[in-house]
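Below is one structure; the comments refer to it alone.
The values are calculated or read from the model by the stated rules, or taken from the named source; none is laboratory data. It should be emphasised that the depicted structure is a prediction, and the values quoted were computed from it without experimental measurement. Because the Cβ atoms are built from the backbone with ideal geometry, glycine has one as well, and the counts that use them run over all protein chains shown. Heavy atoms of the whole protein, side chains included, go into the accessibility calculation; ligands, DNA and RNA do not. Shrake-Rupley method; radii C 1.70, N 1.55, O 1.52, S 1.80 Å.
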Amino acid sequence: MSERINVPTMQELMAKGESPDVLFWVGCAGSFDDRAKKITKAVVKILHNCGVKYAVLGTEEACTGDPAKRAGNEFLFQMQAFQNIQILNGYEIKKIVTGCPHCFNTIKNEYPGLGGDYEVVHHTQLIQDLINAGKLKVKEGGAFKGKRITFHDPCYLGRANEVYEAPRSVLSRLDAELVEMKRCKSKGLCCGAGGAQMFKEAEPGNKEVNIERTEDALETKANFIATGCPFCNTMMTDGVKNFNKEEEVKIMDIAEMIAMAADL
Amino acid sequence: MSVSGISFVILSVVALSLFVYNSLRIRNNINLGIDVDRSDSFNSRIKTTVLVALGQKKMFKRPISALLHLFIYVAFVITQLELIEIFVDGITGSHRAFRVSLGGLYTLIINSIEIVSVLAFVATLIFLIRRNLLKIPRFTMSEMTGWPKLDGNLILYFEILLICFIFMMNGGDEMLQLENGAESYGFVISSVVGPLLFGGLTPEALHLIEQIGWWGHISMVFLFLNYLPISKHFHILLAFPNVYYSNLRNKGELNNMQSVKKEVSMMFDPSADPYATPAEPANTEEPPARFGAKDVVDLNWVNLLNAYTCTECGRCSSSCPANQTGKKLSPRKIMMDTRDRLEEVGRNYRKHGVGHEDGKSLLGDYITEEEVWACTSCNACVEECPVNIDPLSIIIDLRRYLVMEESKSPSELTTMFTNIENNGAPWQFSPMDRFNWAAEE
Ligand code: HEM
Ligand code: SF4
Ligand code: SF4
């Protein structure tokens, strides 16, 4: 992609007296982490090119509080939640798409009890809808043709919310061979980042969790490890590097794969 | 009433009273937990109970052990039918009181019992081999030494004995029947086993065997019954209420603490007067509840019910990413520790009065901080558990206590909290830069 997309913020839309069909919740990783920002941009490309009327909160967005909550800091979590809900309700947001399963889970399941009721979807679900509605077309024989892809289920998309099908349905459009790891779907092994582990050293053990999981992925002999979570993406990327396989095995978010295959 | 009738009645009354007493003790212990509302969604709770507990749905994720367990399970349930007759015979001195009146149905019932008993016998032998000869990691983890290991084996020995007694009873009786020139009972297994094992014995010997079988059987039932409350085998009863009251919401959802919500919503309420004196608490005697859990009494009653239901099967730990990579955390141990500590607290309360402090607590004396911080909150343990136990909610409550009451967390997490507080992100970036990505190439 060469053209720069002008990403609309809620503030701008509001000033024009407009409202979006869906708010794109970018998340902290998607906003600040260099690798995850690429995923964010892929989601934006998809939204933009499919003619979805969307907006982001921009600097008005703040951490959902997920890592604080799972690390036991309920106070901090609820402070973040109340603050975000005030902003979301102020803009009368109805539907949210998130770029991260943790944000997805928190806003979908934990915000309603605090006054924030929205329809929340993960970006793979939105992509699936766009494909099914014929708005998003994947080009034939693209970069993934004939390649092996394995999908790593994010815990907070899979077990936590039982979304197993949407990411697979999207990947199945890629003209590639989808191979499952020995532990997949409800039995999928965590990448090691959840529950605030992303932000600390692991406790003493005999192995890192992401190494254990990367072994599962490498066993499938896949050329691509598809992810749906910026944190899984980091963990799997580190894992693959650990085995010096970064040349042969690429880690990509489903949004990036689709944006690439649709030539956006 | 005959001597044996009186002995039978005394034995039954003692055994049943003891069982009721111990069950009530466990119920009281469970009621030490704080309240949580699970009175909702009657229909889906019933449906879940039928599928998961009665139907063993989650067990069948591991088909071989599920099938073996199913044999034991079905044998147990069907054998209860025969127990009715044993009670009638025991009290009145009759012999096979229902045989004549039930006729063909009676033969059918006894035949079913005999067939499933053989299957259960085989299953139990395989379980014994699995536990003691095959080196299956989930049975040899560090928490499975000492009593838990013995407990796992004892129940299987009981099962073997129980089944042996059933066949002594039916086999001996069959031979007596033939001895008396009467027609065979026609029970599928004992009509073969009887002549095979007891052929050629004197009527006196046969009578003795039959009596040992009969008394042995009922004694094993009573022993079993009273063994349950001190063992992981209480699951055979608690599995049902435990599944019924389990969390039916999305697994990813952690509860929003209401005590925190009250305070935070005050802060966000523009109409609240920050200088107003707080309203007088309704009951000043009540100490303010802790944030999170330090001890078992800070957990909710479903957590405590979970602890007594745990079968110690280790499916949770064998799917736990932390445990599988050598960390100290084992969700099974979390459940066992909770139960053991609750037993201890219950004993203390009965001895010294409710609320007695013994200077110990679940966190610290049973579960270490290292275990608590190793969890990735991945829900694998919750997903795996065949009886819908939720070890994660206990782990989170322990973390809440550490963070909110003791300000204790690994230093990197403290930094993460500060960042969220100051920058609205877990890393040290300025909130004003949050939208910069849109302007970058
Ligand atoms: C009501 C009659 C039941 C009986 C007599 C019974 C008996 C047993 C026995 C003897 C074992 C030990 C097997 C071993 O050595 O590993 C066992 C284990 C177990 N039981 Fe039950 N049980 C009953 C009901 C249930 C129910 C309703 C459930 C709910 C799903 C259940 C779940 C389990 C589980 C998860 C284990 C551990 C199995 C493993 O290690 O793979 N049981 N049971
Ligand atoms: S939620 Fe925690 S305890 Fe349970 S399996 Fe995952 S890491 Fe282990
Ligand atoms: S918590 Fe569930 S899965 Fe874990 S040992 Fe207990 S019964 Fe088995």
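One table, with the values for the structure above:
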read-out: Pairwise label distance in nanometres, B:L105 with B:I34, each label 7 Å out on the Cα-Cβ vector; value: 5.3 nm
read-out: Sites matching trypsin sites (Lys or Arg not before Pro) across the stretch A:190-264 that sit in DSSP coil, with at most 15 neighbouring C-beta atoms within 10 Å; value: A:K207, A:K221, A:K245
read-out: With at most 12 other Cβ atoms within 10 Å, longest stretch of chain B clear of loop trypsin sites (Lys or Arg not before Pro) (DSSP); value: B:250-441
read-out: Theoretical FRET efficiency, 1/(1+(r/R0)^6), r = Cβ-Cβ of B:W427 and A:E140, R0 45 Å, to 0.05; value: 0.65
read-out: Nearest-20 debye value, the stretch A:10-129 charge dipole, Cβ charges on Lys, Arg, Asp, Glu; value: 360 debye
read-out: Selected from B:V260, B:L225, B:G314, residue furthest toward positive end of dipole (the protein assembly as shown; charges at beta carbon); value: B:G314
read-out: Highest-fluctuation residue, B:S407, B:S190, B:S117 considered, GNM on chain B with Cα pairs under 10 Å; value: B:S407
read-out: Equivalent ellipsoid dimensions for the stretch A:53-134 as semi-axes, Å, which come from the Cα gyration tensor, largest first; value: 23, 14, 11
read-out: Label-point separation in nm, B:L67 to A:D34, each point 7 Å along Cα→Cβ; value: 5.6 nm
read-out: Cleavage-rule hits (GluC sites (Glu not before Pro)) in the stretch B:351-415: DSSP loop, at most 16 neighbouring Cβ within 10 angstrom; value: B:E357, B:E406
read-out: Computed over the stretch B:142-206, Kirkwood Rh from alpha-carbon pairs, angstrom; value: 13.6 Å
read-out: Cβ-Cβ FRET estimate between B:S265 and B:H95, R0 fixed at 60 Å, reported to 0.05; value: 0.25
read-out: For A:178-191, mean number of other protein chain Cβ atoms within 10 Å; value: 3
read-out: Signed unit charges on C-beta, dipole axis of the protein assembly as shown, positive-most listed residue B:L342, A:C184, B:V77; value: A:C184
read-out: Kirkwood-type radius of the protein assembly as shown, with distances r between different C-alpha atoms, in Å; value: 28.8 Å
read-out: Choice from B:N226, B:N250, B:N170 with maximal GNM fluctuation in chain B (Cα, 10 Å cutoff); value: B:N250
read-out: Kyte-Doolittle mean at least 0.5, axial Cα span of 30 Å or more - DSSP H helices of chain B; value: B:3-30, B:63-92, B:104-132, B:147-179, B:203-227
read-out: Heavy-atom accessible surface that B and A bury in contact, both chains counted, 1.4 Å, Å² to 100; value: 5900 Å²
read-out: Cα→Cβ-extended label distance, 7 Å offset, between B:F42 and B:W147, nm; value: 3.9 nm
read-out: For chain B, size of Cβ-based charge dipole, Lys and Arg +1, Asp and Glu -1, in debye; value: 800 debye
read-out: Those trypsin sites (Lys or Arg not before Pro) in the stretch A:41-126 that DSSP places in a loop and that have at most 15 other beta carbons within 10 Å; value: A:K53, A:K94
read-out: For the stretch A:137-261, size of Cβ-based charge dipole, Lys and Arg +1, Asp and Glu -1, in debye; value: 340 debye
read-out: Averaged over B:412-424, number of beta-carbon atoms from partner chains that fall within 10 Å; value: 6
read-out: Whole-angstrom gap from the stretch A:110-169 to the stretch A:46-92, using each part's C-alpha centre; value: 19 Å
read-out: Rounded FRET efficiency, nearest 0.05, which uses the C-beta distance separating A:Q11 from A:E119 and R0 of 22 Å; value: 0.50
read-out: Per-bin percent of Cα-Cα distances, the stretch B:1-147 [5 Å]; value: 2, 7, 9, 11, 13, 17, 17, 13, 8, 4, 1
read-out: All-pairs Cα distance distribution in the stretch B:99-149, expressed in whole percent, bin size 10 Å; value: 22, 28, 20, 15, 13, 2
read-out: For chain A, alpha-carbon Rg and Dmax in angstrom; value: 18.1, 57
read-out: Computed over the stretch A:1-125: relative contact order in percent, which uses C-alpha pairs under 8 Å that are six or more apart; value: 28 percent
read-out: Positive-pole candidate from B:G424, B:A380, B:L305, dipole of the stretch B:286-441, charges at beta carbon; value: B:L305
read-out: Distribution of pairwise C-alpha distances over chain B, 20 Å bins, in %; value: 20, 45, 25, 8, 2, 0
read-out: Per-selection Rg to Rh, the stretch A:137-261 - Cα, Kirkwood hydrodynamic radius; value: 0.96
